[in-house]
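Okay, structure first, notes after.
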Amino acid sequence: MESVIRVELGSQSYDIAIASGSLDQLGAKCAGLDLGKKGLVVSNQAIFKHYGERAIASLQSSGFDVTSCILPAGEQYKTLNSVQKIYNAALEKRLERSATMVALGGGVIGDMTGFAAATWLRGINFVQVPTTLLAMVDASIGGKTGVNHPQGKNLIGAFYQPRLVLIDPQILKTLPAREFRAGMAEVIKYGIIWDAELFAQMEASKRLDQLRYMDQGLLQAILNKSCQAKADVVSKDEKEADLRAILNYGHTIGHAVESLTGYRVVNHGEAVGIGMVAAGAIAVNLQLWEQEEAERQDALIKKAGLPTQLPAGIDIEAIVDALQTDKKVKAGKVRFVLPTQIGAVKVTDEVPADVIRQVLRQMQ
Ligand SMILES: NC(=O)c1ccc[n+]([C@@H]2O[C@H](COP(=O)([O-])OP(=O)(O)OC[C@H]3O[C@@H](n4cnc5c(N)ncnc54)[C@H](O)[C@@H]3O)[C@@H](O)[C@H]2O)c1
């Protein structure tokens, strides 16, 4: 059964359509949206080999004249150089203002394709077909697009909303297990910051890591609720003036851990898992959150196969220092998103450094 979630952004509103097997409906869905006649599907080799032909066949059968642009896989290729390759393909295909770029991939492909679509001829249509759990519940929704600069992640970018996000949960079956777990960190995040029922559903599930093979019903429910949470937050605060900051739950310490370990030892989702455990412990320490609820959070993170301890050898003072360089620091104060109950958080910059140190020591 298809679920449709509307991201309400005035004239830039769009649907997130979630249905098993819907990759074959891509063309029909696009045809209903006045997306021109020409299209460019951007992907990487590993993903395209599984899903490229079906995506292209579906678009062609609905009358689109499409070609593909295959980029190398990996975060290290999320660069302006790769975007240049997309522009070259757009030029070769003579994509006009009415044409459409389709991102068929995870967050890396989605962010780059969105940026290329935002800037090619000052903006052409853009459709997201996310293929990782993280991209389905997070990166494909909300219009943040961009690439990395050699000096930092996501330093170059634009807010640019897609015209459609098409999610086919079947696509997750080929996703490497570690990538699936990384996406679960963001799903758990939505349970804590926004949706207590989502949290309870995951808590009740026996095989969280096997969902995509064994419990399509729960997987679809989790996708629906997570996308709804992101859509709600983004609709209320498109450009991160205020509310959208709560999406950074677990990311403050998570980013520090990720960058201090060179983006290799722990991946993004694992770092967010560690960051949520730390933020939860800080909230308990500041008497904002019940210990028992924090323990339930940590148990769920563990059950999802994510780490709850700091990686071996990481220096606590280095983490505290790294927090100061986070993008979200305002006037020298580090902003934390802290739970007050499962399903609700508050944003504060009043966390003493000694509390951070104490919590991190407990996580060694
Ligand atoms: N725009 C946003 O709001 C936003 C939010 C969060 C993260 N991001 C960005 O997303 C990126 C991370 O994205 P990601 O976690 O999706 O990783 P990713 O795009 O790097 O994909 C992970 C790996 O899985 C492979 N893969 C993807 N889908 C597959 C499938 N269905 N079957 C088999 N293999 C598959 C990819 O080839 C890649 O090797 C980062 O660059 C991050 O900055 C953006």
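Look at (1) without any contact (Cβ under 8 Å) to a residue 60 or more places away in the chain; (2) part of a helix (DSSP H, G or I); (3) not aromatic (Phe, Trp, Tyr) and you find that residue 308 fails only one, number (2).
Scanning the range 110-153 for residues that are part of a strand (DSSP E or B), small (Gly, Ala, Ser) and within 8 Å of the ligand (Cβ to nearest atom) yields a count of 1. Being under 22 Å from residue 220 (Cβ atoms), out of contact with any Leu (no Cβ under 7 Å at 6 or more places or on another chain), modelled with pLDDT of 95 or more and among the hydroxyl-bearing types (Ser, Thr, Tyr) is a property that holds for residue 20. Against the condition open to solvent by 50 Å² or more (accessible area, probe 1.4 Å), touching a Leu at 6+ places or on another chain (Cβ under 8 Å) and either more than 19 Å from residue 178 (Cα to Cα) or not polar (S, T, N, Q) (or both), how does residue 238 come out, does it pass? The answer is no for residue 238. Kindly establish whether residue 257 is under 19 Å from the mean Cα position of the chain (by Cα), assigned to a loop (DSSP other than H, G, I, E, B) and modelled with pLDDT of 90 or more. The answer is no for residue 257. So is residue 200 modelled with pLDDT of 95 or more, open to solvent by 10 Å² or more (accessible area, probe 1.4 Å) and farther than 22 Å from residue 76 by Cα or not? Yes; evaluated as a whole, the condition is true for this residue.
Restricting to the range 151-186, count the residues that are open to solvent by 70 Å² or more (accessible area, probe 1.4 Å) and of a type in the set (Asp, Glu). Final tally of qualifying residues: 1. For the range 39-76, the set of residues classified as open to solvent by 60 Å² or more (accessible area, probe 1.4 Å) and assigned to a strand (DSSP E or B) consists of 65, 70, listed by residue number.
Yes/no matrix, rows are residues, columns are (1) open to solvent by 70 Å² or more (accessible area, probe 1.4 Å); (2) free of Cβ contacts under 8 Å to residues at least 12 places away in the same chain; (3) under 22 Å from residue 183 (Cβ atoms); (4) touching a Pro at 6+ places or on another chain (Cβ under 6 Å):
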| position | (1), (2), (3), (4) |
| --- | --- |
| 249 | no, no, yes, no |
| 252 | no, no, yes, no |
| 259 | no, no, yes, no |
| 269 | no, no, yes, no |
| 277 | no, no, yes, no |
| 300 | no, no, yes, no |
| 304 | no, no, yes, no |
| 324 | yes, yes, no, no |
| 359 | no, no, no, no |
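The values are calculated or read from the model by the stated rules, or taken from the named source; none is laboratory data. Please read all numbers here as calculations on a predicted model, not as lab measurements. Counting neighbours? That spans all protein chains shown, and the Cβs are built from the backbone with ideal geometry, glycine included. Accessible surface is based on the protein model in full, side chains and every heavy atom, while ligands, DNA and RNA are left aside. Shrake-Rupley method; radii C 1.70, N 1.55, O 1.52, S 1.80 Å.
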